[in-house]
1. Tell me the residue from A:Leu24, A:Leu89 that is surrounded by 10 or more Cβ atoms within 10 Å (Cβ to Cβ) and facing chain B (nearest Cβ under 7 Å), please.
2. Free of Cβ contacts under 8 Å to residues at least 24 places away in the same chain and under 14 Å from B:Pro467 (Cβ atoms): does that describe B:Ala427?
3. Taking B:Phe82, is it aromatic (Phe, Trp, Tyr), within 20 Å of B:Ser159 (Cα to Cα), open to solvent by 30 Å² or more (accessible area, probe 1.4 Å) and within 10 Å of chain A (Cβ to nearest Cβ)?
4. Are any residues in region B:392-419 among the hydrophobic types (A, V, I, L, M, F, W, C) and either part of a helix (DSSP H, G or I) or out of contact with any strand residue (DSSP E or B) (no Cβ under 9 Å at 6 or more places or on another chain) (or both), and if so, which ones?
5. Determine which member of the set B:Leu163, B:Leu130, B:Leu154 is open to solvent by 10 Å² or more (accessible area, probe 1.4 Å) and not acidic (Asp, Glu).
6. Looking at region B:51-77 only, could you name the residues that are within 11 Å of chain A (Cβ to nearest Cβ) and out of contact with any Leu (no Cβ under 8 Å at 6 or more places or on another chain)?
7. Would you mind telling me which numbered condition in (1) farther than 21 Å from B:Arg214 by Cβ; (2) hydrophobic (A, V, I, L, M, F, W, C); (3) within 23 Å of the chain's Cα centre (by Cα) B:Val158 fails?
8. Residue check: is B:Ile432 more than 20 Å from B:Lys344 (Cβ to Cβ), open to solvent by less than 20 Å² (accessible area, probe 1.4 Å), in a helix (DSSP H, G or I) and touching a residue at least 40 places away in the same chain (Cβ under 8 Å)?
Amino acid sequence: MKVSAQEVQYIAKLARLEIPEEDLALFVRQFNDILGYAGMLGKLDTEKVEPTAQVLPYGNVMREDAAGTPLTQEEALSNAPAQKDGGYLVARVMEGGGV
Amino acid sequence: MKYETIIGLETHVELKTATKCFCSCPAEFGGEPNTHTCPTCTGMPGALPVLNKKVVEFAIKTGLALNCEIQRYNRFDRKNYFYPDLPKGYQISQLFLPICRGGYVDIETDGATKRIGITRIHIEEDAGKLIHSGASISDSDFSVVDYNRSSVPLIEIVSEPDLRSPQEARIFMEKLRSILEYIGVSDCKMQEGSLRCDANVSIRPPEQKEFGVRSEIKNLNSFRSVQRGIEYEQIRQAAVLDEGGKVIQETRTWDEEKGVTHSMRSKEEAHDYRYFPDPDLVPFVAEPEWVAKIAETLPELPDARKERLTGRLGLSAYDASGVIARLATADYFDEAMKHTGDAKAVANWILGDISAWLNSNNLEMRDFPVAAGNISAMINLINKGVLSSKLAKTVFEEMLKSGKAPAEIVREKGLEQISDAGALALAVEKIIKDNPKSAEDYKAGKDRALGFLVGQVMKETRGRANPEMINKLLREKLS
């Protein structure tokens, strides 16, 4: 497994991060180190191990459909850098970002 | 049409739970902006989601009603993208292991039954709402975000590409709404966005086996726009092919006002959602015992109800379909049938005068002010000959105004039908005397003159005469 500089740039773009050209080599090396380390798992015999997406020994953690107390509008907006008409004010939304 | 149209629908349904999918904030529609939120549904660092059990029950119930297999082992995945209506930077969804798979819905099209496959149903959370400062996104300098809807539970129902016309797509959506209403998992209000649909549309020449390149149409917010949007799209794609062009895979949005679809963005430009299992949520298992318990809560579904109406009650398939389509209407019918035996008359009133009144007042059946029992009582008065069908309209209008029982209205307004032969004979004689010319005309063989005379007797009795009896009496006297 080898991650290229191009792939690192692509992943950075998806995460809305800007990586200066001079730091790129560092990140490429770190990406490969991390993936290489995790890649060691690939050498293990997992024939008899069930696949899982969760290491916690829990399942079916659910709550009843009973209403709690939400935040007030004032509380909800108290961390917002800018607000308007009871809502969070955000910069112009670029088309093509949504679902 | 020279091409065949292939349609698959993705329907988003907001579930009618009291609380949100992963927190205890109210899930109800509306409210002042940002008054139904908490740290979890606004994506505050450290806040942890806990699954609402009712959401799982509703998803399973829907799956069972749509003949799906229920996935035993379930988990949630994160769909990552940046947009201000999504405070966490990801939507919790089920990509890899949807809770339901492989079902179907039967629809009636051109008098035949057609089976439409359901590929999958998965659980996910809704996004917040953006209010743009300008007329559209592109001419807005800023937007205001309301997270009341953020994390309201949704199920997405994905159909197989089995639909072949815009009309079929519409019928399918209407059938889906019926079923969802009957099982009570959603209030299915398209105008409030609790039922939304995207359509995948492609066309192909009839001899071609593979599907053509599809476009995805968004913003189909009413049954009418589902049909119109797809109608437009099949014509647009046909024009592209006819000119020797190629349909490109893209997302398009339906513009209801202009009646066209616009390209939103090209799908190839990498939507990399980087799905991965959500580590904040533990897996859940839908044990067969639980699923069986939910199955017991399934009510009579639209198809079974229709069968009951056409079978034992003898309604035509057309009338029965009209009655059962909406739950409130079907329930109104059943309630009325507790007080009369005349199913055909109940159906006629519901699909005729009652529907017309609701439409002209822009109301739904659940808003209809007259008790079902009163409609039945009115029908019984007609069937007993106490009330003429003509004057029943007056009683109907009066019931809408005053809410009084029909017998009371008939008494108060003196609307009782005159079927007393003696009284009618007097009126008939008077009319013959007053209209000698018409009487002669009839005797001379002009049948139309009889209609005129009947009308005059009706007028004389202020519409209360029994029309059949007048006819009979007039014929006798003039023969």
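1. The conditions single out A:Leu89.
2. no
3. So B:Phe82 fails the test.
4. B:Ala392, B:Val395, B:Phe396, B:Met399, B:Leu400, B:Ala405, B:Ala407, B:Ile409, B:Val410, B:Leu415
5. B:Leu130 is the lone residue from the list that is open to solvent by 10 Å² or more (accessible area, probe 1.4 Å) and not acidic (Asp, Glu).
6. B:Asn52, B:Lys53, B:Val56, B:Glu57 - these are the residues of region B:51-77 that are within 11 Å of chain A (Cβ to nearest Cβ) and out of contact with any Leu (no Cβ under 8 Å at 6 or more places or on another chain).
7. Result: B:Val158 passes all but (1).
8. no
The values are calculated or read from the model by the stated rules, or taken from the named source; none is laboratory data. Note that the structure is a prediction, hence the values are computed from the model and not measured. Heads up, the Cβs are rebuilt from the backbone with ideal geometry, glycines too, and the neighbour counts pull from every protein chain shown. The protein model used for the area step is the full one, side chains on, heavy atoms only, and it has no ligands, DNA or RNA in it. Shrake-Rupley method; radii C 1.70, N 1.55, O 1.52, S 1.80 Å.
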